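Report on the structure given below.
The values are calculated or read from the model by the stated rules, or taken from the named source; none is laboratory data. The shown structure was predicted, so the numbers you read here are calculated from the model rather than taken from an experiment. Cβ placement follows ideal geometry from the backbone for every residue including glycine, while neighbour counts extend to all protein chains displayed. When the accessible area is computed, the model is the full protein with side chains, heavy atoms only, and any ligands, DNA or RNA have been set aside. Shrake-Rupley method; radii C 1.70, N 1.55, O 1.52, S 1.80 Å.
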Amino acid sequence: MALMLTTTDISTLVGRMTLRGALDLLSRYIQEDFIRWESFEKTARLASHSRVGVIELMPTADADRYSFKFVNGHPLNPSQGLPTVMAFGALAEVGTGRPLLLSELTLTTALRTAATSAMAARVLARSDAHVMALIGNGAQSEFQALAFHHLLGIDVLRVYDVDPEATRKLVRNLAGIRGLDIQPVRSVREAVAGADIITTATADKANALILTPEMVQPGVHVNAVGGDCPGKTELHADILLQATTFVEFEPQSRVEGEIQQMPADYAVVPLWEVLAGRRPGRRSRGEITVFDSVGFALEDFSALRFLWDQARALRIGRSFELVPEAGDPKDLFGAMQRLDEGRVSPAETGEAALACPHEA
């Protein structure tokens, strides 16, 4: 039997663990898997682009487990009452192909993106950072804010969005968080003034200029979350020329990330090498660092592994028969007949059992 986790199940799991506990443990799962980067099969996501958005499949596997995520990105969805990003995913055994877990990943993607941002900032931001500018106050913003507050000690949050209602929503949702001073501001420039960390999480599918070079002072860490597909960026290219840029899976980031603006020989540092101790992270107090975060399948693998472990430990979710599990594994037709036994019998309806069209 496979395990199914719904959005309600994920909310229950986070509530039982507390959001702080869930983000902390999830970030550790992600870091563990990044450190064993070379154990994984890796490929850029498979994307189907349209004029209004993108639908993607994100697969990866190690020697024991295989995972994939189905995810979309449609910036106009909120006008139709739908989230910009929606996702689900699966975890399976490599040795047999048996599906273990089918889970919602919309809420989970926001959690894992925030956990990944905090994980990267541990090695890329200054250790005394306490002020963060958060540009883009949509669906991901509260998760980013709380990950940096709970896991890195950010206590001042300057927030800005072109939609004032998005900012009011964020302030309302985070009003009860102790020790977090939330300061709504009227411009990007006002938000970033004096910030130690700048997180950009905008949704428009466009080459935008959210940050320009004069806004980014020495010593700042930029957590660039919103640029995550071809033709979608948030940073002026000259910022990247001044910074050391860290990426997840370089072949994917070259196409989808902020570095799609740069020539092919623009140097980047794989984040996994920093986490594994092979390369340095921040090298000086005045260095500008950029985490060009596009989201990689390994993070979803870690998230599904986290959900599989925690849901079973907390007895959350329900088992269901995703594939036939009883009888002769070579008799698939017979399995279908047995599984249909609970319905009205053919004798009662006068119909032939499992009749096919055009068969006499």
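Checked against (1) over 23 Å from GLN217 (Cβ atoms); (2) among the hydrophobic types (A, V, I, L, M, F, W, C); (3) open to solvent by 10 Å² or more (accessible area, probe 1.4 Å), ALA114 meets all criteria but (3).
Of all residues in the stretch 75-92, those being crowded, with 20+ Cβ neighbours inside 10 Å and not in a strand (DSSP E or B) number 1.
Residue-wise test of (1) in a helix (DSSP H, G or I); (2) surrounded by 16 or more Cβ atoms within 10 Å (Cβ to Cβ); (3) modelled with pLDDT of 95 or more.
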residue	(1), (2), (3)
ILE239	yes, yes, yes
THR245	no, yes, yes
PRO251	yes, no, yes
ALA267	no, no, yes
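Looking only at residues in the stretch 128-154 that are of a type in the set (Gly, Ala, Ser) and not in a helix (DSSP H, G or I), the one that is most open to solvent (accessible area, probe 1.4 Å) is ALA139.
Filtering the stretch 269-300 to residues that are in contact with a strand residue (DSSP E or B) (Cβ under 8 Å, 6 or more places away or on another chain), surrounded by fewer than 16 Cβ atoms within 10 Å (Cβ to Cβ) and in contact (Cβ under 8 Å) with a residue 12 or more places away in the chain leaves only ARG283.
For the condition surrounded by fewer than 17 Cβ atoms within 10 Å (Cβ to Cβ), in contact (Cβ under 8 Å) with a residue 60 or more places away in the chain and touching an Asp or Glu at 6+ places or on another chain (Cβ under 9 Å), THR7 qualifies. Of all residue pairs spaced 6 or more apart or on separate chains, those with beta-carbon atoms under 7 Å, a first member in the stretch 181-198 that is farther than 20 Å from LYS169 by Cα and a second member that is surrounded by fewer than 23 Cβ atoms within 10 Å (Cβ to Cβ) and of a type in the set (Lys, Arg) are ALA195/ARG158; ASP196/ARG126. When the residues of the stretch 47-67 are filtered to those that are among the hydrophobic types (A, V, I, L, M, F, W, C) and open to solvent by less than 60 Å² (accessible area, probe 1.4 Å), the one that is nearest to GLU104 (Cα to Cα) is MET58. Quick check, is ASP33 more than 19 Å from LYS232 (Cβ to Cβ), of a type in the set (Asp, Glu) and open to solvent by less than 40 Å² (accessible area, probe 1.4 Å)? Yes: the conditions hold for ASP33.
Where in the stretch 155-223 are the strands (runs of 3 or more DSSP E), entirely inside, with at least 1 residues that are at pLDDT 95 or above and open to solvent by less than 20 Å² (accessible area, probe 1.4 Å)? Lay out the reasoning, then the answer.
Details: elements: 156-160, 181-184, 197-200, 207-211.
By residue number, 156-160, 197-200, 207-211.
Scanning the stretch 319-338 for residues that are surrounded by 11 or more Cβ atoms within 10 Å (Cβ to Cβ), touching a helix residue (DSSP H, G or I) at 6+ places or on another chain (Cβ under 8 Å) and in contact (Cβ under 8 Å) with a residue 12 or more places away in the chain returns a single hit, PRO324. Looking across the stretch 36-46, the residues that are open to solvent by 60 Å² or more (accessible area, probe 1.4 Å), touching a residue at least 24 places away in the same chain (Cβ under 8 Å) and not polar (S, T, N, Q) come down to ARG36, LYS42.
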